[in-house]
Amino acid sequence: MNASASVSNAGSHAPVGIFDSGLGGLSVLRAVRAQLPGEAILYAADSLYAPYGERDEDFIADRTLAIGEWLVKQGAKALVVACNTATAQSIALVREKLPIPLVGVEPGVKPAALQSKTRVAGVLATQVTLRSARFQALLERYASDCRFLCQPGHGLVQAVERCDVGSDELRALLRGYLQPMLDAGADTLVLGCTHYPFLDAAIRDIVGDRLMLIDTSVAIARQLERVLEQHGLRAPPQGAGSVPPRFYSTGDGTHQQQLAATLLHIDTTVEQVSIPSPRTAAPDSQAA
């Protein structure tokens, strides 16, 4: 379905939908609110099935499409897939199926290659993102003269999901991932998952100024701005600026509410919703 032909009915006052497997997309929401203060926002977290990082490709595509369709039903005029794993596995399929424009995310390999002085850069991302064809194509395009050290961030998404952004255990886990990058001469670190910007302070405590952190959330917000302008969907600046984001979760939403309050200073309630999909209709579908 052609997005530009279909979104005209939505109107510029309709909300933007932001979707993540869990809470990481809140870092993107923070950037979107700063860049586009006039936009109303619906944020949906698939926390019941998070994390996506170790799930199979069909499951990720199944959930991404189901939540995208659900947000369209809620009136979303555009969708930000604020999850590197979901973008890497599903963005092409979901873009074909949904009648609204989509913005995906991808690890900041290009800016890292442009900015690294030592020509060695670390990439911290989920295992699914790192092995995806989309990510491998990024590496091939930009890694000709820059060495990328790719590290799966096992356990990091789970830590953020339970609002752990600074425990001793988390710091030990991060140190194990980051020290080999420092030892290899890396001067740049790509935060290849939207959860990871919430670990910024813990990472800084370990690496100091030795690694420049690449967080693509601001670039995503700017791309959303371009897409809304292109489709005539940008809200007027004085439009919905005072409207707080609406939060939904397929889990109980407790940690989402806590993280929004602690890191985004948004005091809100989170509505628990059921969003069925073909793969989660099976009796054992909630097994991790």
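Throughout, read-outs are computed from the coordinates displayed, never taken from laboratory work. All values derive from a computational prediction rather than experimental measurement. Using ideal geometry, Cβ is built from the backbone for each residue, glycine included, and neighbour counts are taken over all protein chains shown.
Annotations for the structure displayed:
- Summarising the label geometry, the points placed 7 Å from Cα in the beta-carbon direction at Lys117 and Lys97 lie 4.7 nm from one another.
- Extension gain, Asp168 to Glu54, is 38.6 nm, computed as 0.36 nm per intervening residue step minus the present C-alpha separation.
- Note on the stretch 109-215: Kirkwood radius taken over Cα pairs, Stokes-Einstein applied at 10 °C and 1.306 mPa s, translational D equal to 115 µm² s⁻¹.
- In the chain, the longest principal axis of the Cα atoms and the axis of helix 133-142 are about 60 degrees apart.
- Alpha-carbon gyration tensor eigenvalues x 5, square-rooted, for the chain, Å: 29, 21, 19
- Against the main long axis of the alpha-carbon atoms of the chain, helix 217-230 sits at an angle near 30°.
- Helix 84-97 and the longest principal axis of the C-alpha atoms of the chain enclose an angle of approximately 30°.
- Based on Cα atoms of the stretch 168-267, Rg over Rh with Rh as the Kirkwood radius reads 1.07.
- Put simply, the amide H of Val103, placed in the peptide plane, has neighbours under 5 Å in Leu79, Val80, Val81, leaving out anything fewer than 5 places away on its chain.
- Computed over the stretch 149-195, Cα set: Rg, Dmax in Å: 11.1, 32
- Within a straight-line Cα-Cα reach of under 16 Å, Lys110 cannot be paired with any lysines, leaving aside sequence neighbours fewer than 8 residues apart in one chain.
- Per-residue HN-Hα couplings for the stretch 264-279 [Karplus 6.51, -1.76, 1.60; θ = phi - 60°; Hz; x = Gly/Pro]: 10, 6, 10, 8, 8, 9, 10, 8, 7, 10, 9, 10, x, 8, x, 6
- Alpha-carbon centroids, the stretch 25-66 and the stretch 184-261: separation in whole Å: 11 Å
- Going from the residue with the fewest nearby Cβ atoms within 10 Å to the one with the most, Glu54, Glu229 rank Glu229, Glu54.
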